[in-house]
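Worksheet for the structure shown next.
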Amino acid sequence: MKNFVKKILPVKMQSKFREIYMKRKLNKIVNFDKNNFFDSSYALGKKNSLENLRAKITFHYHSIEKGLSNANLRYAFGKKKFDELFDVLDLYVSLGHPTDDLRFQQSLSTISSYVKLHEDTEYDISFVTNRFEKLKKYMLPKLNNIGGYGIYNFENDLYKKMDFKDFMLNRHSVRDYGKKEVDEKDVLNAIELSIHSPSACNRQSWKVHYVKDIEKVKKIISIQRGLTANAENIQGVLIVTTNNEYYNWEYERNLGHVDGALFSMSLMMSLNYYNIANCPLSAGFAMDQEIGIREVVDIENKENIVLLISIGSFPEQFKYAKSPRETLENVVKIYK
Ligand SMILES: Cc1cc2nc3c(=O)[nH]c(=O)nc-3n(C[C@H](O)[C@H](O)[C@H](O)COP(=O)(O)O)c2cc1C
């Protein structure tokens, strides 16, 4: 077919034909992606599969562990979040999913951490304790401390002194920051280090929009919505984008996000290396957010917004959400 088209059509028409052909291929594969997402995601698929509920449970307990790690902790916070979490946990149990599952256990441990925090206070948290009562029996003693929040003492160059393994085990998203001013040079050094990230065919389509203007930063945080309860002393947001002009046919439609994600991880680690506390913030935006962010910082449509990263200095002591991780067995599948 290709050769036939080449033979009979003039060059201009060949290129038009090719364009139509490629657009059709792109639409087809985008539809394939869309249908997969429709079928699987827990909001759209509505299958309440084990994985759907594990995700929902994690989503809800994570917002509670974030609240627990807040620098300005509000006692008795999160009634609505707890209601949602307990609804999913009850559904999970009623569907007979395994209660020794790690995510299920992580959520119980997070709830328990919340309850412990309120012991010996006069705050009424019956909206938690009442519904927790019938789930307590599922708690496995060896896992009862995995959730909640941790506390870290920061000293300068903390992360520079660590070997790679320690670094990986001790890097945490930091959502509230110290008062010390961040040196712009350190941020630029971190960005420069991240430029050494790998990318598809070394195309390096990335850009970092470094927003320092505090009014713009506040606007971005309010549009993004994932850090609104935190962000004390925030000093900037880095917006990582990749440019679609660097990519080829339909099979490269997602490569910008892959390249940008690899770059972003390097950037977060480099920021730690240069003593800059940071937190990745989702750029999984609804349309109004997408437009809103692009207006604040003037990002063209050809750029994919891959990730936002809030930055500030480390406080002497910081609290972090424990965000416990999966076991190796749950993650790896070996083909022999
Ligand atoms: C793509 C992405 C989006 C995220 N979005 C948010 C967010 O909107 N708000 C937030 O507080 N944390 C956000 N996080 C941080 C995660 O909650 C955090 O990385 C996870 O709980 C693991 O904890 P750790 O980074 O401390 O190891 C995001 C992380 C990633 C990778």
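Within the shell of other residues whose beta carbon sits under 10 angstrom from the beta carbon of Arg131, the net charge comes to -3, with Lys and Arg scored +1 and Asp and Glu -1.
Taking label points 7 Å from Cα along the Cα-to-Cβ direction, Glu316 and Lys116 give a separation of 2.5 nm. Helix 214-224 axis versus longest C-alpha principal axis of the chain: approximately 90°, rounded to the nearest ten.
Name the aspartates and glutamates eligible as straight-distance cross-link partners of Lys47: C-alpha to C-alpha under 12 Å, and not fewer than 8 places from it in the same chain. Straight-distance partners of Lys47: Asp39. Shape call for the stretch 69-108 from the C-alpha gyration tensor, a ≥ b ≥ c root eigenvalues: rounded (a/c under 1.5), prolate (a/b greater than b/c) or oblate? Since a/c reaches 1.5 but b/c is at least a/b, the shape of the stretch 69-108 is classed as oblate. Over the residues of the chain, the helix contribution to mean residue ellipticity at 222 nm works out to -15000 deg cm²/dmol, using -39500 (n - 2.57) for each DSSP H run of at least 4.
Lys319: which lysines have alpha carbons under 19 Å from its alpha carbon, excluding same-chain residues fewer than 8 sequence positions away? List returned: Lys66, Lys116, Lys179, Lys180.
Please give every one of the lysines within straight-line cross-link reach of Lys7, meaning a C-alpha to C-alpha distance under 20 Å, and leave out same-chain neighbours fewer than 8 residues apart. Output for Lys7: Lys16.
Which trypsin sites (Lys or Arg not before Pro) does the stretch 111-211 hold that lie in a coil by DSSP with at most 15 other beta carbons within 10 Å?
Lys134, Lys160, Lys161, Lys179, Lys180
Proximity of backbone amide H atoms, modeled 1.01 Å from N, is registered between Val174 and Asn278, Cys279 at under 5 Å, excluding neighbours fewer than 5 places apart on the same chain. Extension gain, Asn254 to Ala76: 0.36 nm times the residue separation minus the Cα-Cα distance gives 59.9 nm. What is the helix-to-structure angle for 184-194, meaning the angle in degrees between its Cα long axis and the longest Cα principal axis of the chain, kept from 0 to 90 and rounded to the nearest 10? It works out to around 60 degrees.
Relative to the longest principal axis of the Cα atoms of the chain, the long axis of helix 255-273 lies at roughly 40 degrees. Longest span of the chain, sites excluded, free of chymotrypsin sites (Phe, Trp or Tyr not before Pro) in DSSP loop with at most 13 other C-beta atoms within 10 Å? The longest uninterrupted stretch comes out as 124-248. Near Leu108: Cβ cut-off under 14 Å, other residues only, Lys/Arg at +1 and Asp/Glu at -1. The net charge is +4. With R₀ fixed at 41 Å, the C-beta to C-beta distance from Leu140 to Ala286 puts the FRET efficiency at about 0.60. Taking a ≥ b ≥ c as the square roots of the eigenvalues of the Cα gyration tensor, an a/c ratio of 1.5 or more together with a/b no larger than b/c marks the chain as oblate. The local environment of Ser270, defined by Cβ-Cβ distances under 12 Å, has a net charge of 0 under the rule Lys, Arg +1 and Asp, Glu -1. For the stretch 47-109 versus the stretch 200-223, the spacing of their alpha-carbon centroids is 31 Å. In plain terms, the chain from Lys185 to Phe167 could stretch by 4.2 nm, reckoned as 0.36 nm per residue minus the Cα-Cα distance.
None of the figures in this text is laboratory data; all of them are computed from the coordinates on show. Everything numeric in this text was worked out from a predicted model, so none of it was measured. Don't worry about glycine lacking a Cβ; one is built from the backbone with ideal geometry, like all the others, and counts go over all protein chains shown.
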